[in-house]
Amino acid sequence: MDPKQPVILSYDMVSPLGTDMESQWSRAAAGESGIGKLTRFPFDEDFPVQIAGQVDEIDTAPYPFLAPREMAHWTSPIFKYSMLVVHRALKKSGIEITRELSPRVGITFSTAVGGLDAVIAADRLMVKNNRLPNPFTNPNSCINMVGGKISILTGATGPITATITACATGATSMIIGSMFLRQGIADLVICGAVDFPLVDPIVAGFATMNGAYKHKKDQPEEPGAASRPFSIGRRGFVVSEGAAAIIIATREFAEAHGLPYRLAIAGWSMTSDAYHFVAPNPDTVNRCIAESIAAAGLQPGDIDAVNAHGTSTKVGDKVESDALAGIFGDAIPPVSANKSQIGHAMGASSGIESIFAMEGMLKGAVLPTINYNPDPEIPIDCVSEGARKLDQEFTLKNSFGFGGCNSCIVFQRLK
């Protein structure tokens, strides 16, 4: 047994499918969609994006640290939801971060888009009313402030960093956290990511770069059918929001403190495309997958399931499927694309999807890819019939971000 192996103590998340773990899993397993009409801001009939994956409001009453007085200056929702999922995940883990433990507790919880909503709101007030920004405007938009607020909330004083790798941020946070554990500079790490990017110029910007699913007046579709990874009729990702927290520790720390664990991080890899600002590089995507499997000491045939990046873009889905074919040949494991149900929560997506994958490993099930219409150029098993019972010892999680940031993780269910 490797005493430094990173093990998963607990996790928690919010997504367009709900704000508690039980309802999110139940709805996902039932093949439901969390995509609906965009209501975060007003828009006219010509606005290109009219659907989204939105997270419900939460009751903050049970959480004194989220009381209106405490959160008055922290207007961006990234703070409220990140603090919520971290608090709940730590509570599930059974660990108390004492004064003695805190120097050995690291934080890699991050965000890709951050609190740009606060800056945009301040800019509009300046233009409209010639009013200077609130002094908390810049702190709300500061990317690493999410980790800072989590440090203040939890008392963790170990190493802290913001692992910004666009859509791969959540997965990268777990990889960097695992490195902290392996290097011996932390015994426990608070990992995860949050993004609430449903702000009009951000959403419209994704549309103008032909990434986001755009509304067509002459071809109306149900919102829940819009996100369709690996399908022949895919038309781009649905912008969504969410947060995920994953608490990891070394085996020796968990056992020394009597903390139960059933999952581990077996291997990982990160690569950079050096290719294009949004289009993925087939070679480095392929290498990232291969290296993560090799780092786990495995062969491709040992992987039982794949949790895909699967954004529902034409180019991205094809590159990922080609990479899987390059690694697994004709024996690609079942592939689950959670974005078909929750949309694309930017940096938080890989954290949320990792939790869905891990929960499936514990429950012996693989979640479905909904809205699937086979693309003859993508011959993979997308679990399109609904949630499938499947025993999984090793599951591969793929995450690929804008700028060519690739992060792949192999999760292991321990016996």
Selection count where residues are touching a strand residue (DSSP E or B) at 6+ places or on another chain (Cβ under 9 Å) and in contact (Cβ under 8 Å) with a residue 60 or more places away in the chain, scope segment 268-308: 25
Looking at (1) within 17 Å of H87 (Cβ to Cβ); (2) touching a residue at least 24 places away in the same chain (Cβ under 8 Å), which one does E70 not meet, given that it meets all the others? (2)
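Just to be sure, is N130 out of contact with any strand residue (DSSP E or B) (no Cβ under 9 Å at 6 or more places or on another chain) and over 30 Å from L90 (Cβ atoms)?
Answer is yes for this residue.
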Subset of segment 94-116 (residues that are over 18 Å from the mean Cα position of the chain (by Cα) and buried (at least 24 other Cβ atoms within 10 Å of the Cβ)): V105, G106
Out of segment 312-366, which residues are surrounded by fewer than 24 Cβ atoms within 10 Å (Cβ to Cβ), in contact with an Asp or Glu (Cβ under 7 Å, 6 or more places away or on another chain) and touching a residue at least 60 places away in the same chain (Cβ under 8 Å)? K318, P333
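Kindly indicate whether any position in segment 271-288 is assigned by TED's automatic domain parsing to the domain that holds T172 and surrounded by fewer than 21 Cβ atoms within 10 Å (Cβ to Cβ).
No, segment 271-288 has no match at all.
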So is L259 more than 21 Å from the chain's Cα centre (by Cα) and in a loop (DSSP other than H, G, I, E, B) or not? yes
I need a count of the residues in segment 150-193 that are more than 13 Å from the chain's Cα centre (by Cα), polar (S, T, N, Q), within 25 Å of S272 (Cα to Cα) and not in a loop (DSSP other than H, G, I, E, B). 2
Matching residues in segment 305-337 (more than 21 Å from the chain's Cα centre (by Cα) and not in a helix (DSSP H, G or I)) number 5
Collect the residues in segment 356-390 that are touching a helix residue (DSSP H, G or I) at 6+ places or on another chain (Cβ under 8 Å) and part of a helix (DSSP H, G or I), keeping them in residue-number order. F356, E359, K363
From the set of residues in segment 358-415 that are of a type in the set (D, E, K, R) and touching a Ser or Thr at 6+ places or on another chain (Cβ under 7 Å), which is nearest to E22 (Cα to Cα)? K397
Residues of segment 50-69 that turn out to be surrounded by 14 or more Cβ atoms within 10 Å (Cβ to Cβ) and either farther than 20 Å from L17 by Cα or of a type in the set (F, W, Y) (or both), as a count: 3
Hey, could you check segment 19-49 for residues that are small (G, A, S) and not in a loop (DSSP other than H, G, I, E, B) and say which is surrounded by the most Cβ atoms within 10 Å (Cβ to Cβ)? A28
Could you give every pair whose Cβ atoms fall below 6 Å, whose first residue belongs to segment 118-133 and is more than 20 Å from F196 (Cβ to Cβ), and whose second residue is of a type outside the set (K, R), counting only separations of at least 6 or pairs across chains? R131/L125
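The values are calculated or read from the model by the stated rules, or taken from the named source; none is laboratory data. As the structure is a computational prediction, the values presented were derived from the model and not from experiment. All Cβ positions, glycine included, derive from the backbone under ideal geometry; neighbour counts span all protein chains shown.
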